[in-house]
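In what follows, a structure is listed as structure tokens, so that the remarks can point back to it.
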Amino acid sequence: MIAIAVLLAQAITPPPAPVPAPPRPAEEIWMQKCKLCHGEDGRSRTVKGRKLKAPDFTGQKWQTHTDDREIVEAIENGIPKREMPAFKDKLTPEEIQSLKAFVRAFGRK
Ligand code: HEC
């Protein structure tokens, strides 16, 4: 009887509107998901970064030869042949945009 009442209550009570998680700051995501390969300083001088030949984001050459679309695409889809993971399902579009700006900022240091 109680089970039926619960089911009824669930059927008539609309589910609460999902509260979107606030976007996390790019730096926090970087430290959790990118630092392992690309390093805290964006130079990719980590054990994994060296092994996989990840780029030095502080290099002016890399900054000029890479456009914003390529940065976003790399973060969304990853680079499977070089073992960079895809983040499309783990980050929101806003978070990916803010990471793009974060990667760009390494070029201004
Ligand atoms: C497992 C290691 C690994 C992790 C973790 C990783 N990357 Fe990468 N990333 C790479 C490698 C290796 C490359 C170089 C691929 C190439 O040059 O083809 C790369 C390339 C890139 C590029 C350059 C793409 C281009 O066109 O030159 C960007 C931007 C980038 N990563 C951003 C990120 C961000 C942001 C994160 C975290 C959300 C991240 N990466 C996490 C390994 C990693």
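Laboratory data are not the source of any read-out in this text; all were calculated from the coordinates shown. Predicted, not measured: the structure shown is a model, and the values here were computed from it. Because the Cβ atoms are built from the backbone with ideal geometry, glycine has one as well, and the counts that use them run over all protein chains shown.
Each residue in the range 66-95 was checked for being out of contact with any Lys or Arg (no Cβ under 6 Å at 6 or more places or on another chain), near the ligand (Cβ under 8 Å from one of its atoms) and in a helix (DSSP H, G or I), and 6 of them qualify.
Note on the range 93-109: residues that are exposed (fewer than 14 other Cβ atoms within 10 Å of the Cβ) and farther than 16 Å from PHE57 by Cα total 2.
Scan the range 25-58 for residues that are surrounded by fewer than 16 Cβ atoms within 10 Å (Cβ to Cβ) and in contact (Cβ under 8 Å) with a residue 60 or more places away in the chain and the total you get is 3.
Mind listing whichever residues of the range 51-61 are assigned to a helix (DSSP H, G or I), over 20 Å from the mean Cα position of the chain (by Cα) and not polar (S, T, N, Q)? Scanning the range 51-61 gives LYS51, LYS61. Of the numbered conditions (1) out of contact with any His (no Cβ under 9 Å at 6 or more places or on another chain); (2) crowded, with 17+ Cβ neighbours inside 10 Å, LYS90 satisfies every one except a single condition; which is it? If we test LYS90 against (1) out of contact with any His (no Cβ under 9 Å at 6 or more places or on another chain); (2) crowded, with 17+ Cβ neighbours inside 10 Å, just (2) comes out false.
Quick check on PRO55: is it near the ligand (Cβ under 7 Å from one of its atoms) and not aliphatic (A, V, I, L, M)? So PRO55 passes the test. Of everything in the range 1-31 that is of a type in the set (A, V, I, L, M) and not in a helix (DSSP H, G or I), the residue that is nearest to PRO93 (Cα to Cα) is ALA21. Just one residue in the set ARG24, ARG43 is more than 9 Å from the ligand (Cβ to nearest atom) and touching a Leu at 6+ places or on another chain (Cβ under 9 Å); that residue is ARG24. Of the residues screened, ASP67 is one that is acidic (Asp, Glu) and free of Cβ contacts under 8 Å to residues at least 24 places away in the same chain.
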